[in-house]
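Colleague: Mind looking over this structure? Questions follow.
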Amino acid sequence: MIDQFIKFVIRPPRAEYDPDQYLWEKEFTLAGRKYRREDLELKNERGHVLKCSHYLPSDYPDYSSLPCVVYCHGNSGCRADANEPAVVLLPLNITIFTLDFSGSGLSDGDYVSLGWHEKDDLKAVLSYLRSNKKASCIGLWGRSMGAVTCLLCGAEDPSIAGMVLDSAFSNLFNLMLELADVYKIRLPKFTVKMALQYMRRVIVKKAQFDIKQLDCLEVATKTYIPALFGHGKDDKFIHPQHSDVIFDLYSGDKNMIKFEGDHNSSRPQFYYDSVSIFFHGVLHPPRPPSMFSTKIESYYDFRDMKMVAKVDENLLYEIIAGFQSTTNDTASSSSGPCSASATKTMGELFAESALDFHDILDIEDAEVHRGSGSQMQREDCGSLSSSNQVSWGRCSSIGEDDEPSVSHTCNSKHNETAVKVLETPDRSSQKTILSTLKRKSKNKKKKKKGKEVDSSRTKKSKSEALEALSHRLRHCILKKVHHRKHSSSP
């Protein structure tokens, strides 16, 4: 009986698994973003090889770092226990690092120590993440034995940003006394204490740690890292009172969540939501890339575009000048020939062209509203759907004269989309161009009041010319073909 109890403490059932079957794939997609799993091996102070995995975004450069949470499993757990936390944290732009502690899973070692030696394993992981600049800041998330490991390590490392402690025990010796009652060991209390003393000596000999020294209450009073405690209300293995006692003595910022379930039950969704909010608050991850902007970059391939080396800038100026000359109804008598000025950046000229493009749309929409109410459909080259696909086409509003027009809303959306599509990454910020667009749009709308709309044939020719020029611009940027502009007379 005593030998079985000793084995239950330091040699519980060991997880044996195939990483390719029980872990996330080497490359996988979650919430529309691609991620990868990096497997590696580390060595602890005792020379044991630790099997580890790091989940991080595939599109994030290796020279950059994101906040990272190290997940610590329980006494019979392994790296696969981090699959659910990965779903919670990866969409927040927080990476997940997980490992098989010494004596657990596929790592070396014969015994577990319920946090004593696992603390050194965790230190090896933290040293790796910091020395290789794999994390901008680090949080810890542990369950059962893993929670105790986080608490012991956090007491010695105040640089940890935050900890989630799920079902931690306060003192191992007291926990073993409680487990004797749970498993109906029918012996007088003094006999049980004598048996525990014997077990203590055996555990020191086999696993090299003292069960009486494993006390979380001592470290709780000198730990100031923000912590979120969690515990199941029906936990019979580690009673919720253990977390309550640690919580009361804990010196740092703290919060407690109690939920339905026992020690091994699945955690409810509101608990994971609370963990997400907690880590977002303490780690401050950068905002994940917008799906819309990602789609635009991939569709138009602007990411690697170099304006000087790969694209003939003179040709782009020529095309933009064609945009401006096509969209102007009449040339002013005092205006000179349309030419590219060195004082204007490509981003500003693109923005002006985008504005002229929407001026034509305004005229066409006004023509629709003054017509007989028949519906006019325009061709679209793309569609903007809930899956954030890129829009390249026109926005039309069809309605009755007495109903409010939605053309202004459509045009404002086109202005923002056009700037994002046409502006190169190396130019001025979008905010400056958007403010310029709004001012010019207001001025041009005032000037257009009282002007007559040209005949349908003229309007059609303008649209065709605009379509040809836009297709030429897009073809130039996408294919990145080198063109040269022949010298022309002034």
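The values are calculated or read from the model by the stated rules, or taken from the named source; none is laboratory data. This structure is a prediction, so every number in the text was calculated from the model and none was measured. When we count neighbours, we look across all protein chains shown, and the Cβ atoms used for this are built from the backbone with ideal geometry, even at glycine. What goes into the accessible areas is simple: the full protein's heavy atoms, side chains included, and nothing from ligands, DNA or RNA. Shrake-Rupley method; radii C 1.70, N 1.55, O 1.52, S 1.80 Å.
Colleague: Taking the condition modelled with pLDDT of 80 or more, farther than 30 Å from PHE278 by Cβ and either in contact with an Asp or Glu (Cβ under 6 Å, 6 or more places away or on another chain) or open to solvent by 90 Å² or more (accessible area, probe 1.4 Å) (or both), does MET199 pass?
Modeller: Details: modelled with pLDDT of 80 or more: yes; farther than 30 Å from PHE278 by Cβ: yes; either in contact with an Asp or Glu (Cβ under 6 Å, 6 or more places away or on another chain) or open to solvent by 90 Å² or more (accessible area, probe 1.4 Å) (or both): no.
No.
Colleague: Quick one: would you say PRO85 is buried (at least 16 other Cβ atoms within 10 Å of the Cβ), touching a residue at least 24 places away in the same chain (Cβ under 8 Å) and part of a strand (DSSP E or B)?
Modeller: Working: buried (at least 16 other Cβ atoms within 10 Å of the Cβ): yes; touching a residue at least 24 places away in the same chain (Cβ under 8 Å): yes; part of a strand (DSSP E or B): no.
Here the answer is no, as PRO85 does not meet what is asked.
Colleague: Further, regarding this structure: Do you know which of the residues in segment 46-55 that are buried (at least 16 other Cβ atoms within 10 Å of the Cβ) and touching a residue at least 60 places away in the same chain (Cβ under 8 Å) is farthest from GLY142 (Cα to Cα)? Walk me through how you get there before you give the answer.
Modeller: Pass one, segment 46-55, residues buried (at least 16 other Cβ atoms within 10 Å of the Cβ): 48, 50-55.
Those left that are additionally touching a residue at least 60 places away in the same chain (Cβ under 8 Å): 48, 50, 52, 54.
On the way: HIS48: 21, LEU50: 17, CYS52: 15, HIS54: 16 Å.
Within segment 46-55, the match that is farthest from GLY142 (Cα to Cα) is HIS48.
Every residue, every condition in (1) touching a Cys at 6+ places or on another chain (Cβ under 7 Å); (2) more than 21 Å from ILE138 (Cβ to Cβ); (3) part of a loop (DSSP other than H, G, I, E, B); (4) among the polar types (S, T, N, Q), yes or no:
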residue: GLN21; (1), (2), (3), (4): no, yes, no, yes
residue: LYS34; (1), (2), (3), (4): no, yes, no, no
residue: ASP59; (1), (2), (3), (4): no, yes, yes, no
residue: TYR71; (1), (2), (3), (4): no, no, no, no
residue: ASN75; (1), (2), (3), (4): no, yes, yes, yes
residue: ASP81; (1), (2), (3), (4): no, no, no, no
residue: LEU90; (1), (2), (3), (4): no, no, no, no
residue: ILE96; (1), (2), (3), (4): no, no, no, no
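Colleague: Determine whether segment 2-14 contains at least one residue that is under 17 Å from the mean Cα position of the chain (by Cα) and open to solvent by 10 Å² or more (accessible area, probe 1.4 Å).
Modeller: Of segment 2-14, the ones under 17 Å from the mean Cα position of the chain (by Cα) are none.
No - not one qualifying residue is present in segment 2-14.
Colleague: Is segment 38-45 home to any residue that is assigned to a helix (DSSP H, G or I), of a type in the set (Asp, Glu) and open to solvent by 40 Å² or more (accessible area, probe 1.4 Å)?
Modeller: Going through segment 38-45, the residues assigned to a helix (DSSP H, G or I) turn out to be none.
Scanning segment 38-45, I find no residue that is assigned to a helix (DSSP H, G or I), of a type in the set (Asp, Glu) and open to solvent by 40 Å² or more (accessible area, probe 1.4 Å), so the answer is no.
Colleague: Mind listing whichever residues of segment 69-93 are over 15 Å from LYS51 (Cα atoms) and in contact with a Gly (Cβ under 8 Å, 6 or more places away or on another chain)?
Modeller: Listed by number, the residues that qualify are VAL69, GLY74.
Colleague: Give me the pairs: first residue in segment 1-24 and farther than 13 Å from ALA207 by Cβ, second residue of a type outside the set (D, E, K, R) and part of a loop (DSSP other than H, G, I, E, B), beta-carbon distance under 6 Å, and six or more apart or on different chains, which are they?
Modeller: Qualifying pairs under 6 Å: PRO13/SER76; ALA15/CYS78; ALA15/GLY105.
Colleague: I'm told LYS295 meets every condition in (1) part of a loop (DSSP other than H, G, I, E, B); (2) modelled with pLDDT under 95; (3) open to solvent by 40 Å² or more (accessible area, probe 1.4 Å) except one. Can you identify the failing condition by its number?
Modeller: (1)
Colleague: Could you list, in sequence order, the residues of segment 252-279 that are surrounded by 14 or more Cβ atoms within 10 Å (Cβ to Cβ) and under 17 Å from ALA155 (Cα atoms)?
Modeller: Answer for segment 252-279, where residues must be surrounded by 14 or more Cβ atoms within 10 Å (Cβ to Cβ) and under 17 Å from ALA155 (Cα atoms): GLY252, LYS254.
Colleague: Determine, yes or no, whether GLY109 is outside any helix (DSSP H, G or I), on the phi > 0 side of the Ramachandran plot and either in contact with a Cys (Cβ under 8 Å, 6 or more places away or on another chain) or acidic (Asp, Glu) (or both). First the steps, then the outcome.
Modeller: Numbers: outside any helix (DSSP H, G or I): yes; on the phi > 0 side of the Ramachandran plot: yes; either in contact with a Cys (Cβ under 8 Å, 6 or more places away or on another chain) or acidic (Asp, Glu) (or both): no.
Judged against the criteria, GLY109 is not a match.
Okay, residues lined up against (1) open to solvent by less than 10 Å² (accessible area, probe 1.4 Å); (2) without any contact (Cβ under 8 Å) to a residue 40 or more places away in the chain; (3) within 20 Å of LYS233 (Cα to Cα):
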position	(1), (2), (3)
LEU126	yes, no, no
ALA135	no, no, no
ARG143	no, no, yes
ALA147	yes, no, yes
LEU151	yes, no, no
ILE160	yes, no, no
ALA168	yes, no, yes
